């Protein structure tokens, strides 16, 4: 492991206190591997600042010593974006101690939270004040607001409320020069110059370190209807989505697609979480509104009864209590863990035009079977906004290991198909260490040049999460 000078480490300890500077390899070990166990690195130290001013001082110190910084929140990312490389030169800057809810403005429906707050803590604070913060992720008990901002997190409610970028009015961040940008504007309209907020959100720690955010709140829903629907195919699910949107408009909160294999893995690894009904494809649908006099449940039941009568559905089960609603969502939230227990898979977080999802699944199934006979597809995710999690594995352990050795080939087959249909190789997980080469392959050259220019302008020494910024290198373009 590369060692930094004693003067540098002493200066870090002076900023945060000795208790908040970790250099012992055994203490560092839990923070050097990503959640999936796919990426492992080394670091010379981990530092835990307790205030924005301390973050700024650390950045200035690292800038003076040319020491790379890898920001880390809850370390729940799926692309290795918070894991250092193997050089051991970088330090990890963990924001866990920045964990205060600074203020709640109910008239303006704004909550200001620091970057180390978990998503669950923000949700709980909002609910205690009679409000809703609608971002919802399976990792909400451990993921942190800083990481949600850095990856522009999406989750199950993007269909109605949007992603983290849509849910954030302003941010406070430390820029690569060590200055604190006090951008906590609680404004719905602000057209004064370039939008630095939106530039930083989704930049994965390459342009700055978030220390706080002004987040939008919404009225708590008084009526929520959760349904598990059975369908014959993805095309049937897309057709049903359009009809649900036409009938219920903004009351449609979530529309989650769940493939046959995902249901099978759930039954195998979590038998206590029984599926509400058996069908080739499942959809978890949620509708909600804030009216206390709403007849949403009756309207929903009537609507899906008509769809059943017309043969547009194979089955429908409506949750009759909050406990049943929670049970339905537990199934959805445990899909990733079920896959993890099954073994390592090749994961893809892709975005497609909703109308192209059925075509994508048909095309990609044929192409993958040609190259990898017997390959299994776990396809699930946020059908309502076109975000599909498409993961590959083999049932046999030895065959799965061989598939993993050909991950680059599998990725290119999948992403070429996504690109043909006007999609994106990353919907909500980011680029991280996982997709750097693919980003260079599929982004237009003019866009890559603009990204590199922005990075150079804001971080000329390239110390901010340097692993995530190797995008200006030449690479073979698709079709060449």
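Observations on the model:
- Distance from the stretch 260-293 to the stretch 388-411 (C-alpha centre basis), Å: 26
- Cα centroid separation - the stretch 205-234 against the stretch 334-372, whole Å: 23
- Going through (i) 1.23; (ii) 0.97; (iii) 0.94, the figure that equals Rg/Rh (Cα atoms, Kirkwood Rh) as computed for the structure here is (ii).
- Contact order, relative form, for the stretch 101-219: 33 percent (alpha carbon pairs under 8 Å, 6 or more residues apart, mean separation divided by residue count).
- The angle between the Cα long axis of helix 445-458 and the longest principal axis of the Cα atoms of the chain comes to about 40 degrees, rounded to the nearest 10.
- Each peptide in 283-294, 146-157, 26-37, 236-247 receives the mean, over its residues, of other Cβ atoms within 10 Å, and ordering these scores from highest gives 146-157, 283-294, 236-247, 26-37.
- Per residue, the chain reaches -10500 deg cm²/dmol at 222 nm when only DSSP H runs of four or more residues are counted, each adding -39500 (n - 2.57).
- With respect to the chain, whose longest principal axis is taken over its alpha-carbon atoms, helix 52-65 is tilted by about 60°.
- Under the criterion of Cα pairs below 8 Å and six or more residues apart, the relative contact order for the stretch 343-434 equals 44 percent.
- Förster-model FRET efficiency, 25 Å R0, residue 312 and residue 292, C-beta, rounded to 0.05: 0.20
- Against the main long axis of the alpha-carbon atoms of the chain, helix 234-248 sits at an angle near 90°.
Since every read-out is calculated from the coordinates, none of them should be taken as a lab result. The shown structure was predicted, so the numbers you read here are calculated from the model rather than taken from an experiment. As a convention, Cβ positions derive from the backbone with ideal geometry for all residues, glycine included, and neighbour counts pool all protein chains shown.
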